[in-house]
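Student: Got a structure here, written out as structure tokens. Questions coming.
The values are calculated or read from the model by the stated rules, or taken from the named source; none is laboratory data. Keep in mind it's a predicted model, so treat the numbers as computed, not measured. Cβ atoms come from the backbone with ideal geometry, glycine included; neighbour counts cover every protein chain shown.
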Amino acid sequence: MTNTKDLLIFGMPAVKGRWIFVLLGLVALLCMGTVYSWSIFRGPLQEHFGINATQSLLPFTVLLFLYSLLMPLAGFQLQRLGAAKMMAIGGLVIGVGYVLSGFASNPLMLTISYGVITGSGIGIAYGVPLAVSAQWFPDKKGLAVGLTVIGFGLSPLVTAPLAKSAIGTFGVLPTFIILGVTFATIIIAISTVMQLPPKGWQPPGWEGAKSMNSAEEQGEKIWQVPSFYALWSCYAIGTFVGLSAIGISSSVAQEIIKLNPETAALTVSLFAMFNGLGRPLFGWLTDRLQPRRAATISYILIIIASILMLHAKEGQILTYIFAFSLFWLCLGGWLALAPTATLKLFQPTNYAKNYGMVFTAYGVGALLGTTIAGQIRDLFGSYTYAFYPTAILAVLGIILAEFKLRHSSAPSKFIPS
């Protein structure tokens, strides 16, 4: 066992110094989370390239897909390459993608540079801060992961105004170059100090949960365990609902509630705060409760929000704000709930690999959530009908969480190879 009394981080005892990794991870994810500010770029890009709304959404959609696809692959390489090198590679690729986007001469080039290259860079780097925070905080897994990932959720509050100002001053394509150089510099600088704890390290006085592995469970891979599919499905439902809500927030405000575009934009900024708040909140809830209980709470909130929006009428501003605050809160919550549940349900030492596999659910939820809501609007003529599937899926999520995550709620249920 590592001598916890002798281990120092930046000259401080490890139990105190480890909080630096949470702060640095938050800043790195703040840079990566600029992807959630894509709506700032869409209008100027449509004007610059003469493209429609669907075409301007393609780079963002491709980015989300590559981002989720690369996460599991990067997770399998983290232990071999190390946290610092993995994060530096990701930061460099992100920077290259942004800079090349600044030289794009057509929408296809932009989709390749931003969607494929930047998306790949985020997929490589995203899991590193989460893995570092998770392994330095075996006693506060959910809180540490939630505080780290809050950077990604709150990014639009910080980066969207900066990007909008830069676009107004320099133009949309030069702004990509400015952001690329800035983000690559910050992420690579942070990567130089990111490190995983020594094997066997734990906070002084904390013994952790006793292992509950049985002999026949030793050596099972994560995809051989039923609870993986339950967690994956629950995560997909949570991200589907959340990302579909994010995609139509402003449109619903204008179409159903009849807010003007400026007021609708202000409400979206408010919702981003709830998206950030949901991460430490549900991380803490998952620490205090079993993952299935935290998941059930999120689905109950989604049902409440869906019912409110099914009955929302023109002028019911408070109903709209309350409902969409819940949608955004729960999406942020799942970005902390899922990684914390992965730590609790499966072997923590294989967290990067395991969460990479679980995170593919985010990609599925993103692809479906960003497209189906719009198709429902086109088919039925109103966004109101989009809230029927969110309510139905939330009920399904409660059933999955309560009956399929129940038997795997003990930490370290198995050791994947």
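Student: Are there any pairs, at least 6 apart or on different chains, whose C-beta atoms fall under 8 Å, with the first in the range 397-411 and surrounded by fewer than 17 Cβ atoms within 10 Å (Cβ to Cβ) and assigned to a helix (DSSP H, G or I) and the second of a type in the set (K, R) and at pLDDT 60 or above, and if so, which?
Tutor: Note: pairs meeting the criteria are E402/R292; R406/R292.
Student: Does G146 satisfy the condition of being under 20 Å from S133 (Cβ atoms), modelled with pLDDT under 85 and either outside the structural domain of A131 (by TED's automatic domain parsing) or among the small types (G, A, S) (or both)?
Tutor: Criteria not met by G146.
Student: Sticking with this one: Of all residues in the range 168-199 being among the polar types (S, T, N, Q) and buried (at least 20 other Cβ atoms within 10 Å of the Cβ), which is farthest from V15 (Cα to Cα)?
Tutor: T175
Student: Still on this structure, I have one more. So in the range 1-59, with the set limited to residues that are touching a helix residue (DSSP H, G or I) at 6+ places or on another chain (Cβ under 6 Å), over 20 Å from I246 (Cβ atoms) and among the aromatic types (F, W, Y), which one is modelled with the lowest pLDDT?
Tutor: F10
Student: Are there any pairs, at least 6 apart or on different chains, whose C-beta atoms fall under 8 Å, with the first in the range 365-385 and within 11 Å of S244 (Cβ to Cβ) and the second of a type in the set (K, R), and if so, which?
Tutor: Going by the 8 Å Cβ cut-off, the qualifying pairs are Y383/R377.
Student: Can you spot a residue in the range 307-321 that is closer than 21 Å to A230 by Cβ and touching a helix residue (DSSP H, G or I) at 6+ places or on another chain (Cβ under 8 Å)?
Tutor: The answer is no; no qualifying residue exists.
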